[in-house]
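Please treat every number below as a calculation from the coordinates, not as lab data. Keep in mind it's a predicted model, so treat the numbers as computed, not measured. Here the Cβ is made from the backbone with ideal geometry for all residues, glycine too, and neighbour counts use every protein chain on show.
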């Protein structure tokens, strides 16, 4: 029998799992409120997935186009999310994003500038105005480095290369700690905490073609699920329209939307600019319908409408998919993305330096001269842990979630640029509210030794088994299954096959075996992450089969239309009493009528309203 | 597709050996792909750090045929098909296991640097005012992905192991990014000389050569910082000038262009 008293224990008021933009924002806020704050991360500090964000962070600063306003940002976000977004979260996000971006500048971020010396903003898919504060095409790096360099002076304890295994709860059902494992040594550690914030990102490693790093194994979803929290909207997985296609070894690596924001066009094998043929009715009045108008927009004509390449990601990804299916795909089964014909070589190198570098090195292709080959790649989870909009707390007392691992903010489809601002806004709110929760507790709960030893045994069994399944091969089978059966375009029969195979994989996982010792053993780490990925994948597949409509990023070929009645429901998955996953269709709360009015206004009415409002406040 | 030969370091800081592997290499593969393939098929517990696989996070630094590189941005077609590729961990830091080093020393250096402090008079209700030409230089240094390859090749750290007296190129340019921030009003010149060891760099530019972000570490970062130290502590004219006229305040960008 394991002696838990021999395992080292560290106490914090607030413990954060994950050190990307959301986790670091939360940690800075909690620490600023006088909380003893700890942050555990699977990688080294500053390496989290946030560094891969390229385009920028959306905030209605109005530095480039003064007409911008939180209401328009909010309206864009709701329309992009196909109205399935949590109304209050989208409101909070649009209202708070500008001040959080300015705070980042205060902490040392050096954004690209406008001629007037302010933070520059760029165009992006689904955003009415140039709205993305950015630094070339490495905005995520700027964000994480700024938060990191600011955070290390705030008295936050960082625990690097430390994997969170599962959450501990007290007899009242509140969270009270996390059992973790040091990757370097394979030894265990227990963190006691009065509140816990999950900021673990998404689960894109469940697919074969993905823009996500190894870290994206859905840890937050699985930890929350095992702790009794609810997951919501997991059927909405964003496939970014432009991942690299060739060579095979780089397939899926992200090509930033900024390429299209800066004027890049999409062509099929016949040289046709096909996006003009895929403009949905909802966006028709706000999208250019001729190449001539699109060109005027790029030249800066404020009256011209946006090119169709900047439609929302779900629309563009499906369009590329359809072109390939119709036999008009590029050489390696995608589409051509050309910026060389739209911008000077100098502009491209200045605005998209890391894309230039990425293609030059990995594909031996000069994007200032040639077209890139791109195709959809798994990118982002709109769904996640179900939280309260204002407090970010899940249904488990003391368990909070923010960033990609939380659900609600982005509805059925996320707009580019809304993720980085989401991290800042909801990271801050999570830090604030988790601190308040921790303050209401007089002390730490006693650790239930049985819970802790069970978690540790689950982990060590993988090493101690005589023989069993290879975790790498299981992972590969999972990726293939999700890619084929739970991909961009979904249909009942395939989803059923997908679930069947998942059940088989779950069985195989029970005998998974990692060879070697516990010291920095990637095979073991892979196996531990696989448990989380399997829970995530199952929730995705089961929710996808339940939602019998196509909305945003969730496309069912057997139910091709967006259905009004489905707008009233979210799909929730949770661990049932029998230990199996149960899914429930729950009615969405009634939104604030003022928010509905704003989101459903015509753009002209809303813009006039804002002009009038500003006149009033100026007089 | 062809079978290629590799020698990979396996072991820790005390003992280890070069282990031979053979695996199929396909068109377009980078060294990190090869390691992953070997890991999945032949050596499940082969330790390596990586994250983004796109040259953006700086996790997969190692030495390939003795050259410090990011393995995710090093294509196999850089090497001859019949040659054996050797893969070893960074030499300057203690090996934890296989290709993974203990780089924690770097994190303690960063903590020693005073954080940014912006001039309050440049703040408006629309944020701080500074122009693109003012931020170009700081932005160059801020491209750093903290791969620590520059730290790895720096003679002061690698050959002379003076980690107690020199912060290394990475943190010299971190200081440079702050000192050359157009609105920063903190003074880091005394500690640059006294604590960070700016005098120890002898400008061989090896750090610049290995930087995957092509930052001009020496020319644009370290040399100007050395000049600031000299101005402050060794140049009699500027020392006298400061005695008479006092410390000159940083000239801030105008609030209106």
Output field shielding_mean for A:43-50 (other chain Cβ, 10 Å radius) holds 6
Over the stretch A:468-587, the quotient of the Cα radius of gyration and 2.2 N^0.38 Å is 1.21
Chain A: relative contact order from alpha carbon pairs under 8 Å, six or more residues apart, as a whole percent, is 21
At R0 = 30 Å the Cβ-Cβ FRET efficiency linking residue A:360 and residue A:290, nearest 0.05, sits at 0.35
By the mean-Cβ-within-10 Å protection proxy, highest first, B:57-65, A:211-219 rank as A:211-219, B:57-65
Rounded to the nearest 10, the angle in degrees between the Cα long axis of helix A:21-32 and the longest principal axis of the Cα atoms of chain A comes to 60
For chain A, longest principal axis from Cα atoms; helix A:492-509 axis from its Cα atoms; angle between them, nearest 10 degrees, is 30
Bridge orientation stat for the stretch A:468-587 from DSSP, antiparallel percent rounded to 5, came to 75
Whole-Å distance linking the alpha carbon centroid of the stretch A:219-270 with that of the stretch B:107-140 is 32
Zone reached by a paramagnetic label modelled 7 Å from residue B:242 Cα along Cα→Cβ, restricted to the stretch B:173-212 with backbone N below 13 Å, covers B:187-194
Expressed in angstrom and rounded, the centroid-to-centroid distance over alpha carbons for the stretch A:464-509 and the stretch B:207-247 is 58
Output ordering of A:593-604, A:91-102 (per-residue mean of other Cβ within 10 Å, highest first) is A:91-102, A:593-604
The alpha-carbon pair-distance distribution computed for the stretch B:104-245, with 5 angstrom bins and whole-percent values, is 2, 10, 18, 21, 20, 14, 9, 5, 2, 0, 0
per DSSP, antiparallel bridges as share of beta bridges in the stretch A:242-376, % nearest 5, sits at 90
With the 8 Å Cα cutoff and a minimum separation of six or more residues, the stretch B:15-83 has a relative contact order in percent of 33
In whole angstrom, the spacing between the Cα centers of the stretch A:384-409 and the stretch A:148-179 equals 16
CD proxy, 222 nm, chain A: helix-only mean residue ellipticity via -39,500 (n - 2.57) per DSSP H run with n ≥ 4, per residue, nearest 500, stands at -11500 deg cm²/dmol
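Residue separation times 0.36 nm, minus the C-alpha to C-alpha distance between residue B:231 and residue B:256: what's the value?
Result: 5.9 nm gained on full extension.
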Inter-chain shielding metric for A:470-482, i.e. average beta-carbon neighbours from other chains within 10 angstrom, reads 1
Rounded to the nearest 10, the angle in degrees between the Cα long axis of helix B:132-142 and the longest principal axis of the Cα atoms of chain B comes to 40
Most exposed first, judged by fewest Cβ atoms within 10 angstrom, A:410, A:73, A:444 run A:444, A:73, A:410
Of all DSSP beta bridges with both partners in chain A, the antiparallel percent, nearest 5, is 65
Placing each pseudo-label 7 Å from Cα in the direction of the beta carbon, residue A:601 and residue A:492 end up separated by a distance in nanometres of 4.3
Quick shape check on the stretch A:242-376: root eigenvalues a ≥ b ≥ c of the Cα gyration tensor, a/c under 1.5 is rounded, otherwise prolate if a/b tops b/c, else oblate, and it reads oblate
Mean Cβ-within-10 Å packing, highest first, puts peptides A:193-199, B:155-161 in the order A:193-199, B:155-161
Here the gain from full extension of residue A:370 to residue A:157, 0.36 nm per residue of separation minus their alpha-carbon distance, amounts to 71.9 nm
Mean other chain Cβ within 10 Å across A:180-187 is 1
Here the Kirkwood hydrodynamic radius of chain B, Cα-based and in Å, equals 20.5
The answer for the per residue Cα convex hull volume of chain A, in Å³, is 153
So residue A:328 and residue A:460, fully extended at 0.36 nm per residue minus their Cα-Cα distance, gain in nm 42.4 nm
Relative contact order of chain B (C-alpha contacts under 8 Å, at least 6 apart) in percent is 17
Once both label points are put 7 Å beyond Cα along the C-beta direction, the residue B:2-residue B:219 separation in nm becomes 3.6
From DSSP H assignment alone, runs of 4+ in chain B each adding -39500 (n - 2.57), the sum over residues rounded to the nearest 500 puts [θ] at 222 nm at -8500 deg cm²/dmol
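Compactness ratio of the stretch A:159-270: Cα Rg over 2.2 N^0.38 Å, N = residue count?
Dividing the Cα radius of gyration by 2.2 N^0.38 Å gives 1.45.
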